[in-house]
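Before any comments, here is the structure.
The values are calculated or read from the model by the stated rules, or taken from the named source; none is laboratory data. Source: prediction; values computed, not measured. For neighbour counting, all protein chains shown are included, and Cβ atoms are generated from backbone atoms with ideal geometry for every residue, glycine included.
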Amino acid sequence: MALEFSAEREREFQEVVARYPDRQAALIPVLYLADREFGFLSPEAMEYVARRLDLPLTRVVNTASFYTMLRKRQTGRFHIQVCVNVACHLRGADGLLRHLERRLGISPGEITPDGLFSLEGVQCLAACGNAPALQVNYEYHEGMTEEAVDRLIDRLRAEAAPKGGEATRE
Ligand code: FES
């Protein structure tokens, strides 16, 4: 079935493109909408964005590829991106990534069997002054230690736990 924005996302799409004199200039916010709507930017999602903005597919793919925060593959509910660039590397990012691999039982690029977590090593998150840094979806965590990572994982698991017998998956 062909991809389509939901009614709510379509409203947001119309609001976003109305802010620009040229709808093609809305590419990045529309990619963000598509990421939220479809879970990640699959080739079909990028074709959909290209069609909606009347842009060449190559421009959409090139732009999506440049931005780490735009997901190009299926992720867990909590997508953990650990910066492994120089400043973070020098302050223990590799150890943090290995700690997360052990704690979650997955390697970068994988999703936990319960669908809660996925892991990725990424380049600079622009938080070098307080390295090592990681982000969970769009939430930043800086000056991380293994203990802080453990607390974070525990909090996210608690957030995801069913409340009152109902699943809370978004
Ligand atoms: S090097 Fe890690 S945030 Fe910049």
| query | Can you name the number of the only condition in (1) away from the ligand (no atom under 16 Å from the Cβ); (2) out of contact with any Asp or Glu (no Cβ under 6 Å at 6 or more places or on another chain); (3) in a helix (DSSP H, G or I) that ILE106 fails? | reply | (3)
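Please work out if ARG71 is more than 16 Å from the ligand (Cβ to nearest atom), at pLDDT below 95 and among the charged types (D, E, K, R).
Values: more than 16 Å from the ligand (Cβ to nearest atom): yes; at pLDDT below 95: yes; among the charged types (D, E, K, R): yes.
Yes: the conditions hold for ARG71.
Output yes when any residue across the range 16-31 is within 15 Å of LEU125 (Cα to Cα) and either part of a helix (DSSP H, G or I) or not assigned by TED's automatic domain parsing to the domain that holds ILE153 (or both), and no when none is. Don't jump to the end; show me each part of the working.
First, pick out the residues of the range 16-31 that are within 15 Å of LEU125 (Cα to Cα): none.
There is no residue in the range 16-31 that is within 15 Å of LEU125 (Cα to Cα) and either part of a helix (DSSP H, G or I) or not assigned by TED's automatic domain parsing to the domain that holds ILE153 (or both).
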| Of the conditions (1) modelled with pLDDT of 95 or more; (2) surrounded by 14 or more Cβ atoms within 10 Å (Cβ to Cβ), PRO56 fails just one. Which one is it? | (2)
| query | Of TYR67, TYR138, which residue is exposed (fewer than 13 other Cβ atoms within 10 Å of the Cβ) and within 12 Å of the chain's Cα centre (by Cα)? | reply | TYR138
| said: Give me the residue from the range 116-142 that is modelled with pLDDT of 95 or more and more than 15 Å from the ligand (Cβ to nearest atom) and, out of that set, farthest from ARG36 (Cα to Cα). | reply: LEU119
| task | Keeping to the range 92-120, report how many residues are surrounded by 18 or more Cβ atoms within 10 Å (Cβ to Cβ) and either outside the structural domain of GLU142 (by TED's automatic domain parsing) or under 20 Å from GLU142 (Cβ atoms) (or both). | result | 8
| remark: The condition from (1) away from the ligand (no atom under 16 Å from the Cβ); (2) over 19 Å from the mean Cα position of the chain (by Cα) that GLY92 misses is numbered (1)
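Residues to consider are ALA34, ALA45; find the one that is among the aliphatic types (A, V, I, L, M), outside the structural domain of GLU147 (by TED's automatic domain parsing), within 28 Å of GLU142 (Cα to Cα) and assigned to a helix (DSSP H, G or I).
On the way: ALA45 fails: within 28 Å of GLU142 (Cα to Cα).
None of the others qualify; the one that does is ALA34.
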